[in-house]
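Written below as structure tokens is the structure these notes are about.
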Amino acid sequence: MNYDLIVIGGGPAGYVGAIRAAQLGKRVACVEKERAGGTCLNWGCIPTKSLLRNAELFHLMKHRADEFGFSFDNLNFDWSKVIKRSRDVADKNASGVEYLFKKNKVDYLRAEATLENAEVVSVKSADGKIQKIEAKKILLSTGVVSRPMPGLPFNGTTVIGSREAMVLKKQPKSIIIIGAGAIGVEFAYFFNAFGIKVTLVEMLPNILPLEDTEVSQTLEKAFAKLGIQVLTNTKVVKADAGKDGVKISVEGKKPETLEAEVCLVAIGVQPLLPGGAGGAAIKLTQRGYIETDACYQTSLPGVFAAGDIIGPPLLAHVASYEAIQAVEGMFTNHAPKKVTVFPSCTYCQPQVASVGLTERAAKEKGLKFKVGKFPFSASGKARAVGEIDGFVKILFGEPNGEVLGAHIVGSEATEMIGELGLAITLEATHEEIEATIHAHPTLSEAVHEATGQAYGLAIHI
């Protein structure tokens, strides 16, 4: 079986790259050992947002119903249905990708792939049958998996990764989450909303350590109000896991031992290399990711890579962008671009979203800039919907007033960040944002007001 392109891995890089190549008239095969959509659609981005939606609704009804004039008798939830809804959502999205494969005439192979050489891939199906397929180009997009913590290996019951966390058959009474990046923070909100005692442990000074410091501190205060115990500047020094729970010894403000039924390890991920990649002598980075050149080509000519497997930023939308760039570079005159500016989003409540430089990074670069900030507590729409926590913060470079970075913590932050990403792409200035009429009443008015505040023009603050 001969193809123009074989894609190994069917996640946001793989399936998008395969479809884009098919749109260019190429004969394409995509090999995925589990299901189309990869981790994102099946075990990450999509099913977790389903869980978080359930958590948001239950928290609202449980703790804030009276504020909206509602009352309930015997308000309760069915844990198994919460989990099932998430899995149903994931299944429907994966089916959607499979439909797109069929629509675009991409051969979808449910099998485990091994890279034999720069033109040959062997695929092993579930029944053990092995066949070899050939292509002029190969795209590796096998992604990453959860990284275990030294001394605390995953056991699938009391020590789990994010995959197991979203399909727990039994609701635990308590959980310790190690690592307060996006995954740790989102699961902390989810479990807390359903009455589970949550302790969130982070080695660095702030949760969401890559975000703007002020944003992280605001979220930490919100979590404290929810009853989530947040331990920052705290290091795990010893861990014991048994069949009934875990004991985690930590050193922070004081040494202490934490106990819980379950421990979710969310300290990061590690690359998942395709079979045969080592034998093919593909060059790796120091952290084990696949090294690529400006065209996304690996050290093996004709073999390309995109998505999480080539390293940070480890985001689905970045992976899709990289795959499209790689494929268009392979089959058109397009000069591929590397990722520079991209949005980051965390879907707890309040939500967190950012694009561009943090204030911390701008200072480290020695840049001159102005900061505009507008709190949602001064927003009519935020007050109307009862979501006044958080703010919009925008950095404008001097002397031209271009947007260097934007940071939002608050309701619908992840939906609002797109405007500011576009502003950076188009090199928009504060004057152009100020001159753009934002609909009233909307949360996005806060973008307009934050812009005005940087230059003394804000009306509502």
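A few remarks follow.
- Matching residues, the range 55-72, being under 16 Å from Val385 (Cβ atoms) and either surrounded by 14 or more Cβ atoms within 10 Å (Cβ to Cβ) or in contact with a strand residue (DSSP E or B) (Cβ under 7 Å, 6 or more places away or on another chain) (or both): Glu56, His59, Leu60, Met61
- Residues in the range 1-22 that are in a strand (DSSP E or B) and of a type outside the set (S, T, N, Q): Tyr3, Asp4, Leu5, Ile6, Val7, Ile8.
- Spans of strands (runs of 3 or more DSSP E) in the range 174-268 with at least 1 residues under 24 Å from Thr39 (Cα atoms) and in contact with a Leu (Cβ under 8 Å, 6 or more places away or on another chain): 174-178, 197-201, 262-265
- Some residue of the range 23-37 being in contact with a helix residue (DSSP H, G or I) (Cβ under 8 Å, 6 or more places away or on another chain), part of a helix (DSSP H, G or I) and either in contact (Cβ under 8 Å) with a residue 40 or more places away in the chain or acidic (Asp, Glu) (or both): no
- Annotation note: of Ile282, Ile228, Ile248, Ile290, the sole residue that is surrounded by 15 or more Cβ atoms within 10 Å (Cβ to Cβ) and under 18 Å from Pro153 (Cβ atoms) is Ile248.
- Matching residues in the range 431-446 - criterion: being touching a residue at least 60 places away in the same chain (Cβ under 8 Å) and either within 29 Å of the chain's Cα centre (by Cα) or under 23 Å from Leu219 (Cα atoms) (or both): Thr442, Leu443, Glu445, Ala446
- Lys238, sole failed condition from (1) within 20 Å of Arg147 (Cα to Cα); (2) over 28 Å from the mean Cα position of the chain (by Cα); (3) in the same structural domain as Glu322 (by TED's automatic domain parsing): (3)
- From the options Ala113, Ala118, residue that is among the small types (Gly, Ala, Ser) and either out of contact with any strand residue (DSSP E or B) (no Cβ under 9 Å at 6 or more places or on another chain) or assigned to a strand (DSSP E or B) (or both): Ala113
- Answer from Trp79, Trp43 - the residue that is exposed (fewer than 15 other Cβ atoms within 10 Å of the Cβ), within 25 Å of the chain's Cα centre (by Cα), in contact (Cβ under 8 Å) with a residue 60 or more places away in the chain and assigned by TED's automatic domain parsing to the domain that holds Val327: Trp79
The values are calculated or read from the model by the stated rules, or taken from the named source; none is laboratory data. Remember, predicted model here, so these are calculated numbers, not experimental data. Cβ sites come from the backbone with ideal geometry, for glycine too, and all protein chains shown count toward neighbours.
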